[in-house]
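What follows is one structure encoded as structure tokens, with my remarks underneath.
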Amino acid sequence: MSRADQWRAKLMGTPEQIEMKRTLYTSFVDGRDDADREIVQTIDNDIPRTFPDVTWMQSHKDAIRTMLISYAAVHRGDSYLQGFNYLMTTVYRVFHDQEHALSDTWWCFSRVVSLVRCLMPDFNVTWFHWCRRHWFGDFHRRLRRKSPALESILRNHHETFSTLMTVKWFMLWFCQTVVYDELLELWDFLIDIDPKFLMRAYTLITFEILVEAAPTISYNWSQNPTEAVHSIIAMRVRGVKNIVRRVKRVL
């Protein structure tokens, strides 16, 4: 089964549900461009910043823009948040050469958004902070056993660290963290997980990444502690296959 078929089955449902959603897309979504003008301007500003070094993105930006605007027009509650551009682009990369590319991308993107909605601060602040603190508590206990020095550093900055990680890593499914050529491997794993285990998966993925980078992080902290948290967020991660293999053993 191809990656596109696997993602459809996980994110769109049965063949009957897929056909129904394609019909709904054609009837009610396709061509919708009545999103708020400020939202459209934000999308237009973000598109050039989305994977700017990836040639494929530059040749498909019009389709991605169209789908982001139609989503904002239909889902006025979610509308558009910065970061949606990365999610939509990643999904479209899988479906762009398929017969129902726009429809399937739009619906799969919608499902991914539903899975990360609790990580959006603007959607429900109370829910967001509960998820953030719950995640950090689990991560903190795991890291303390493996790397107490790094755990101590991060615990002293837990509010900033956990907020940035939740928004910049988890809500975007690591789009700005994992190198582009390996990103789909990680998404294969995340899409296949039972949704109730996603927060635990985020914990384990983050744990694997930071434990490996602990010496570099500790050094950066000693040199410039005020920028250290942001340097973590700016990390570019390789070796996803190994990370996923280790996480699967524990999950």
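Filter the chain for me: DSSP H helices, axial length by Cα at least 20 angstrom, mean Kyte-Doolittle hydropathy not below 0.5. List them by residue number. Let's see the in-between values first.
On the way: long enough: 55-74 (29 Å, 0.12); 101-116 (22 Å, 0.90); 125-146 (31 Å, -1.31); 198-223 (34 Å, 0.46).
Once both thresholds are applied, what remains is 101-116.
Given that just one value was derived from the coordinates, which of [x] 1, 6, 11, 13, 14, 13, 12, 10, 8, 6, 4, 2, 1, 1, 0, 0; [y] 1, 6, 13, 16, 19, 17, 13, 8, 5, 2, 1, 0; [z] 1, 5, 11, 16, 19, 20, 15, 9, 3, 1, 0 is P(r) over Cα pairs in 5 Å bins from 0, in percent?
[y]
For the chain, what does the relative contact order come out to in percent, with C-alpha contacts under 8 Å and a separation of six or more? Mind dumping the intermediate values first?
On the way: 234 pairs, mean separation 44.7, N = 251.
18 percent.
For every helix of n ≥ 4 consecutive DSSP H residues, a contribution of -39,500 (n - 2.57) applies; sum these over the chain, divide by its total residues, and give [θ] at 222 nm rounded to the nearest 500 deg cm²/dmol.
Values: 13 runs with 174 residues, N = 251.
So the calculated ellipticity at 222 nm is -22000 deg cm²/dmol.
In nm, to one decimal, how far is the residue 144 label point from the residue 20 one, both placed 7 Å along Cα→Cβ?
For the pair residue 144/residue 20, the computed spacing is 4.8 nm.
Charges only on Cβ, +1 for Lys and Arg, -1 for Asp and Glu: so what's the dipole of the chain about the Cα centre, in debye to the nearest 20?
1240 debye
At residue 115 and residue 54, where each label point lies 7 Å from the Cα along Cα→Cβ, what is the point-to-point distance in nanometres?
1.6 nm
What order do 60, 75 take when sorted by accessible area (1.4 Å probe), most exposed first?
Values: 60 40, 75 65 Å².
Ranked from most to least accessible, the order is 75, 60.
What are the extents of the Cα atoms of the stretch 162-251 along their three principal axes, listed from largest to smallest and rounded to whole Å?
So the three principal-axis extents are 40, 25, 23 Å.
Considering the dipole of the chain built from charges on the beta carbon (Lys and Arg +1, Asp and Glu -1) around the Cα centre, which of 47, 202, 180 is farthest to its positive end?
202
Give 10/168; 61/196; 168/241; 146/168; 21/241; 21/168 a once-over and call out the pairs whose C-alpha atoms are over 28 Å from each other. Numbers along the way, then the final one.
On the way: 10/168 24 Å; 61/196 33 Å; 168/241 21 Å; 146/168 24 Å; 21/241 33 Å; 21/168 30 Å.
Pairs exceeding the cut-off: 61/196; 21/241; 21/168.
The values are calculated or read from the model by the stated rules, or taken from the named source; none is laboratory data. For clarity, every value in this text was computed on a predicted model and none was experimentally measured. Reconstructed Cβ throughout: ideal geometry from the backbone, glycine too, with neighbour counts over all protein chains shown. With ligands, DNA and RNA removed, areas are computed over all heavy atoms of the protein, side chains included. Shrake-Rupley method; radii C 1.70, N 1.55, O 1.52, S 1.80 Å.
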